[in-house]
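Remarks on the structure that follows.
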Amino acid sequence: MKDVKYYLDQNKEKTDYRISEVRTESRELFFVHGKVETSRATDTKATHVTVYCLHDGKLGDSDFDVYESMDENSILDKIAKAVERAKLVFNEPYELPSDETLDEKMPTDLDKYDPTDLAAQIAETVFSCETGEGGSINALEVFLYKDTRRVRNSRGIDKSETSYRVMIEAIPTYTTEKESVELYEDYRFTFFDREKLKKEITEKMAQVKARYEAQKPATPMKTMVTLRAGEIRALLSELASGLNYGSVYMRANRFKVGDDLQEGGNGDRLNVTMKGIVEGSEDSSYFDADGTTLRDRQIIKDGVVTSYFGANRFGRYLGEKEITGDLRCCEVGKGSLTKTELEKTPRLDVVSMSGLQTDVYSDYIGGEIRLAYMFDGEKTFPVSGITMSGRLSEALASLRLTDDSEVEGAYKGPSRFVIKNMNIL
């Protein structure tokens, strides 16, 4: 099949176009009770096309997918129909990214391994972890991916990047004569660190036993709460979404440049930078879906909003001089709270939630806690069946951050956020 670009160039009614291609090669292993049930290799390619049409002083766009099974007439028909749909869209015109080429590989060490051998090493590492009496890895799935992403457009953009990533799905299980408790573990990385993986799985095994033993504490009460990376990511996502070009243009942002998010606070000041690349994160990229080169941007400095970020279209509408692109990674500066100080402080250390809920308009932070460790100053015990709630503004004002840094998903920063005086029900 001729390149789809060839057919797009034949259509004279369209104004511009963008072609996005992702090829994914994978090696997959599926284990049940420690034994390989399925071994699979895949090689897939997805092609997505956006057609732009300037009409009546406005700019319309429409999307469609291209499959390798499609013939020439099918593709030409898809293009023609996309042009007609684009004529029904009346967006304000804006300038598309132009005249840049790139061919890069994301930082990793996974490409140094044979995929089959690496998958086996990962599985061996997981199953070698100490599970304790009654503990086991009920199921394990190992996925190794090589992604090759390319974005081209009619304005001279032609960018490619290759990345490697691993995803592990595991079901740590704790079983007694009476019942069995399971947890779901989704662990992702771009560098293979055997000891770090063993630590992660060992912690999950301890947590699944704690989930079985957990009791509901006496409520209501007020206490200090520590959030881990998953919930920290959710909190920052809520803050960052309102500082995106799109939210600002649509006037859907609660905060603006110059606002102090920690006004009157006496905790650690928050410093947040949106980034294209965070080493170790599979969400890292050199460019976004439009082909815009990603440029790091600090959006919160010492608790004060300093800038916005986002994709090309709304950045152009706002008249931004340097478009950041659609940044997906987030880095938070270290705080002042040491591990020793934290360990001495009575607190509720949240391990997992049904989902952290935050709302900047109703000034709320809270959610259902599925598992946490309660430290009363003398001993630690697991708790469950509770919820937490509080004012987001007060939580940010009293925020303490640990002085370490870790990477989880698109987040890099302190391993704990500490919030005072949360209501536990």
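Bear in mind these aren't lab numbers, they're just calculated from the coordinates by the rules spelled out. The structure displayed is predicted, hence computed values, not measured ones. No Cβ is skipped: glycine too gets one built from the backbone with ideal geometry, and neighbour counts run over all protein chains shown.
Give, as a single signed number, the net charge of other residues whose beta carbon lies under 14 Å from the beta carbon of His33, with Lys and Arg counted +1 and Asp and Glu -1.
So the surrounding residues net to -2.
Please give the peptides 9-18, 31-40 ranked by average Cβ packing (other Cβ atoms within 10 Å per residue), highest first, as a rough proxy for protection.
Ranked from most to least packed, the peptides come out as 9-18, 31-40.
Counting C-alpha atoms alone, how compact is the stretch 221-424: give Rg to one decimal and Dmax as a whole number, in angstrom.
Just the Cα atoms of the stretch 221-424 yield Rg and Dmax of 17.4, 57 Å.
Which whole-Hz couplings ³J(HN,Hα) result when phi for each residue of the stretch 27-37 is put into the Karplus expression 6.51 cos²θ - 1.76 cosθ + 1.60, θ = phi - 60°, listed in order with x for Gly and Pro?
Karplus values, whole Hz, x for Gly and Pro: 10, 10, 10, 10, 10, 10, 6, x, 10, 5, 9.
Take every Cα pair under 8 Å in the chain that's 6+ residues apart, average their separations, divide by the length, and report that relative contact order as a whole percent.
Reported as a whole number, the value is 14 percent.
Once the piece of chain linking Asp296 and Met70 is laid out straight, how much longer is it, given 0.36 nm per residue of separation minus the C-alpha distance between them?
Additional length available on full extension: 77.4 nm.
Could you state the number of Å between the C-alpha centres of the stretch 307-350 and the stretch 181-200?
What the calculation gives is 24 Å, centre to centre.
Using only alpha carbons, build the gyration tensor for the stretch 241-334 and give me the equivalent ellipsoid semi-axes, biggest first, whole Å.
23, 18, 9
List, in order, the whole-Hz ³J(HN,Hα) value for each residue of the stretch 403-415 obtained from phi through the Karplus relation with A = 6.51, B = -1.76, C = 1.60 and θ = phi - 60°; use x for Gly and Pro.
Once rounded to whole Hz, the list reads 8, 10, 8, 9, 10, 9, x, 8, 10, 10, x, x, 6.
Relative to the longest principal Cα axis of the chain, at what angle does helix 229-241 sit, 0 to 90 degrees, rounded to 10?
40
Please determine, in degrees from 0 to 90 and to the nearest 10, the orientation of helix 72-86 with respect to the longest principal axis defined by the Cα atoms of the chain, where the helix direction is its Cα long axis.
Helix 72-86 sits roughly 80 degrees off the main axis of the chain.
Can you return the aspartates and glutamates within cross-link range of Lys334? Criterion is Cα-Cα under 12 Å, with same-chain partners fewer than 8 residues away left out.
Straight-line reach from Lys334, under 12 Å: Asp268, Asp302, Asp403, Asp404, Glu406.
On a straight-distance basis, which aspartates and glutamates could pair with Lys81 in a cross-link, Cα separation under 18 angstrom, same-chain partners fewer than 8 positions away excluded?
The reachable aspartates and glutamates, counting only those whose Cα sits under 18 Å from Lys81, are Asp9, Glu13, Asp16, Asp61, Asp63, Asp65, Asp71, Glu72.
Would you list which aspartates and glutamates come within 18 Å of Lys379, measuring only between C-alpha atoms, while excluding same-chain residues fewer than 8 positions from it?
Glu213, Glu341, Glu343, Asp349
Tell me the label-point distance for the pair Leu88, Glu25, using the 7 Å Cα-to-Cβ offset, in nm and rounded to one decimal.
Output for this residue pair reads 4.2 nm.
Let me check against my output: what whole-number percent is the relative contact order of the stretch 4-213, with C-alpha pairs under 8 Å and at least 6 apart?
The value is 22 percent.
Short version: ³J(HN,Hα) in whole Hz for each residue of the stretch 214-221, in order, from phi by Karplus 6.51 cos²θ - 1.76 cosθ + 1.60 (θ = phi - 60°), x for Gly and Pro, what are they?
Once θ is set to phi - 60°, the couplings for the stretch 214-221 become 4, 10, 7, x, 5, 10, x, 7 Hz.
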